[in-house]
């Protein structure tokens, strides 16, 4: 059985220390690159980073169970490991981000890391393709503040969650010729305006 068939559907980050490990743009990039097994050198080539800078991150992620060794080979007398994600999807437990003692630092860390990954993916795509990924109905870059009733907010929340569940159920592991990678970053949340903050 290939390691790919052994992936769990979901890995829930439900511990503060684990959140601190995963909430880092380089480590999120590593997770994205390990849908299929790779060595640290292969990850480094893919991310265009020196392998020496990745060993610390990879070892930390393995120690915390975010990735796993799925194959070892001896190359010129040196043990070479291949790593892979342990689950198809990673999700932050909402409860973790509501603990007031740590919410500010953890929320800032996680949001920054996610937005950094989004930015770097967009930049990398533009550099390689020399095209704007948002041209010609190929992508959406949208930011708005909405004024909704509580009922409207809940209704849209439900519809978005259903769509995200549907997307998450898709196999991220297909290597079929017609598939391609697409990025998706979503934030939908209540907002306190600067005026309300001063009251």
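The values are calculated or read from the model by the stated rules, or taken from the named source; none is laboratory data. For clarity, every value in this text was computed on a predicted model and none was experimentally measured. When we count neighbours, we look across all protein chains shown, and the Cβ atoms used for this are built from the backbone with ideal geometry, even at glycine.
Only one residue in 60, 28 is without any contact (Cβ under 8 Å) to a residue 60 or more places away in the chain, part of a helix (DSSP H, G or I) and in contact with a helix residue (DSSP H, G or I) (Cβ under 9 Å, 6 or more places away or on another chain), so which one is that? Spell out how you get there, then give the answer.
Values: 28 fails: without any contact (Cβ under 8 Å) to a residue 60 or more places away in the chain.
From the options 60, 28, the qualifying one is 60.
Kindly indicate the residue of the range 92-142 that is farther than 20 Å from residue 66 by Cα, part of a helix (DSSP H, G or I) and modelled with pLDDT under 80 and also nearest to the chain's Cα centre (by Cα) among those meeting that condition.
Selected residue: 108.
In the range 60-91, what residues are surrounded by fewer than 13 Cβ atoms within 10 Å (Cβ to Cβ) and under 18 Å from the mean Cα position of the chain (by Cα)?
65, 91
Which of the residues spanning the range 11-25 are without any contact (Cβ under 8 Å) to a residue 60 or more places away in the chain and either out of contact with any helix residue (DSSP H, G or I) (no Cβ under 7 Å at 6 or more places or on another chain) or buried (at least 20 other Cβ atoms within 10 Å of the Cβ) (or both)? Full working, then the answer.
Step one: of the range 11-25, the residues without any contact (Cβ under 8 Å) to a residue 60 or more places away in the chain are 17-18, 21.
Scanning the range 11-25 gives 17, 18.
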